[in-house]
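First comes the structure, then the notes that go with it.
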Amino acid sequence: MLKIGIIGAGRIGKVHAESISKYVKGAEVKAIADLFLNEETRKWAKSMNIQHVYNDYHEILNDTEIDAVLICSSTDTHSSISIEAIKAGKHVFCEKPVDHDVAKIKKVIEIVGNSKCKYQVGFNRRFDHNFRTAKDAVQAGKIGTQHIIKITSRDPEAPPISYVKVSGGMFLDMTIHDFDMVRYLSGSEVEEVYAIGGVLVDAAIGEAGDIDTAIITMKLKNGAMAVIDNCRRATYGYDQRAEVFGSNGSIEIGNDAASTAVLSTDTGVVAEKPLLFFLERYMQAYANEMREFVEAIVNDTDVPVNIVDGLEPVIIGLAAKKSLAENRPVKTTEIKSVFGL
Ligand SMILES: NC(=O)c1ccc[n+]([C@@H]2O[C@H](COP(=O)([O-])OP(=O)(O)OC[C@H]3O[C@@H](n4cnc5c(N)ncnc54)[C@H](O)[C@@H]3O)[C@@H](O)[C@H]2O)c1
């Protein structure tokens, strides 16, 4: 039985613990650590049969029985805990983003490269049934030569301002999933980015130095073009759609809803709203990503989302930030050259 320790018992740490206990065979969560433990978390851990609950994550790193750790703490801790965990010989699943600072991600890449540890990054949408079906069709050549990739990604509600202030900005916090999706669906790299954005949802987000609405266009290495539209608030729910269009046709994915029922009456035609937010929409995807992480360790195969997949969307995000600030297209090589990449 593979033994796992979770660092960070917040929203996503609890989701992964529950996925492992319900859906992942051959693995169990032995311990969980969080700086700020309360009675509720302790009770929850007990209900999950997690043997140890610590304040200090080093207790997990020092436990020789633990094979792998999930880093689910706040983003500013990811790269340093990654390095410590690999040095302690643990396989690592690290939530996105690995860091906002490319220099720090480079250090993680170096340490991972010199170890035998697996290192997977938490881009969960790659494990979603809709996105995966689209990717498989593109990869099988069904749409022919790629021309345009379109991604719509809108949250049902904006996060609290306290979160916005430490999030690294919308591009590195929210759009980062969409940048990953452009790479995943196309199988290609982003060469150039042009972003426009504004504050249309909540003035406080602007006062905190961020934007809440954006359109980002990209040129890809394979010759295709991509466009992402983002908004921090969509009144009808979590809007997650995509299309890949090419020389032979297109593949389009829509939102998931609680049911496919459509009510038609003399006043109109009504369907279900999209599932509310990421915990509802991507629950199965989170379980799949945990299963594939465990399988990569047990079978000693490549992880499905590696450290380079963790780096590239951060570079695209930094290019988008620069593009917005300077109102011009920015090549990803411009960002990479600053970091000697
Ligand atoms: N892949 C996804 O869909 C997804 C979804 C949500 C969050 N995330 C990422 O997961 C991370 C956590 O997000 P969240 O929403 O669960 O946040 P959260 O605030 O609910 O939980 C984070 C937890 O980490 C704990 N923590 C912080 N520093 C710690 C340390 N040094 N040692 C131990 N615990 C520590 C905090 O006390 C908190 O309980 C973020 O990086 C976020 O970007 C990813």
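The values are calculated or read from the model by the stated rules, or taken from the named source; none is laboratory data. No experiment lies behind these values; they were computed from the predicted model shown. Every residue, glycine among them, receives a Cβ derived from its backbone with ideal geometry; neighbour counts consider all protein chains shown. The protein model used for the area step is the full one, side chains on, heavy atoms only, and it has no ligands, DNA or RNA in it. Shrake-Rupley method; radii C 1.70, N 1.55, O 1.52, S 1.80 Å.
Scan segment 33-51 and report the pairs whose first residue is under 13 Å from Gly5 (Cβ atoms) and whose second residue is within 11 Å of the ligand (Cβ to nearest atom) and of a type in the set (S, T, N, Q), with Cβ atoms within less than 9 Å and a gap of 6+ or a chain change. Listed by first residue and then by second, the contacts come to Ala33/Asn55; Ala33/Ser73; Asp34/Thr41; Asp34/Asn55; Asp34/Ser73.
If the condition is being open to solvent by 10 Å² or more (accessible area, probe 1.4 Å), in contact with a strand residue (DSSP E or B) (Cβ under 8 Å, 6 or more places away or on another chain) and farther than 30 Å from Ala208 by Cα, then segment 132-182 contributes Thr133, Ala137, Val138, Lys142, Gly144, Thr145, Gln146, His147, Ile148.
Of the residues that make up segment 257-264, is at least one under 30 Å from Ile6 (Cβ atoms) and surrounded by fewer than 22 Cβ atoms within 10 Å (Cβ to Cβ)?
Residues of segment 257-264 that are under 30 Å from Ile6 (Cβ atoms), as a first pass: 258.
Imposing the further condition that a residue be surrounded by fewer than 22 Cβ atoms within 10 Å (Cβ to Cβ) reduces the set to 258.
Checked against the condition, which is being under 30 Å from Ile6 (Cβ atoms) and surrounded by fewer than 22 Cβ atoms within 10 Å (Cβ to Cβ), segment 257-264 yields at least one hit.
Does Val108 satisfy the condition of being part of a loop (DSSP other than H, G, I, E, B), hydrophobic (A, V, I, L, M, F, W, C) and buried (at least 20 other Cβ atoms within 10 Å of the Cβ)? It is false that Val108 is part of a loop (DSSP other than H, G, I, E, B), hydrophobic (A, V, I, L, M, F, W, C) and buried (at least 20 other Cβ atoms within 10 Å of the Cβ). When we screen Glu289, Glu280 for residues that are charged (D, E, K, R), within 15 Å of the ligand (Cβ to nearest atom) and either assigned to a strand (DSSP E or B) or surrounded by 21 or more Cβ atoms within 10 Å (Cβ to Cβ) (or both), the only hit is Glu289.
Filter the helices (runs of 4 or more DSSP H) completely within segment 1-84 down to those with at least 1 residues that are open to solvent by 30 Å² or more (accessible area, probe 1.4 Å) and near the ligand (Cβ under 8 Å from one of its atoms). Quick ask: steps written out before the conclusion?
Numbers: elements: 11-23, 39-47, 58-61.
Hits in segment 1-84: 11-23.
Considering segment 85-105, the residues that are in a loop (DSSP other than H, G, I, E, B) and within 18 Å of the chain's Cα centre (by Cα) include one that is farthest from the ligand (Cβ to nearest atom), namely Asp101. Please go through segment 174-194 and pick out each residue that is among the aliphatic types (A, V, I, L, M) and within 16 Å of the ligand (Cβ to nearest atom). Scanning segment 174-194 gives Met174, Ile176, Met181. Val294 falls short on exactly one of the conditions (1) open to solvent by less than 20 Å² (accessible area, probe 1.4 Å); (2) farther than 30 Å from Thr75 by Cα, and that condition is (2).
Residues in segment 244-287 that are among the small types (Gly, Ala, Ser) and in contact (Cβ under 8 Å) with a residue 12 or more places away in the chain: Gly246, Ser247, Gly249, Ser250, Gly254, Ala257, Ala258, Ser259, Ala271, Ala285, Ala287. In this structure, Gly197 qualifies as away from the ligand (no atom under 16 Å from the Cβ) and crowded, with 19+ Cβ neighbours inside 10 Å. For segment 204-231: of the residues being of a type outside the set (A, V, I, L, M, F, W, C) and in contact with a Ser or Thr (Cβ under 7 Å, 6 or more places away or on another chain), which is surrounded by the most Cβ atoms within 10 Å (Cβ to Cβ)? Taking the candidates together, the pick is Asn230.
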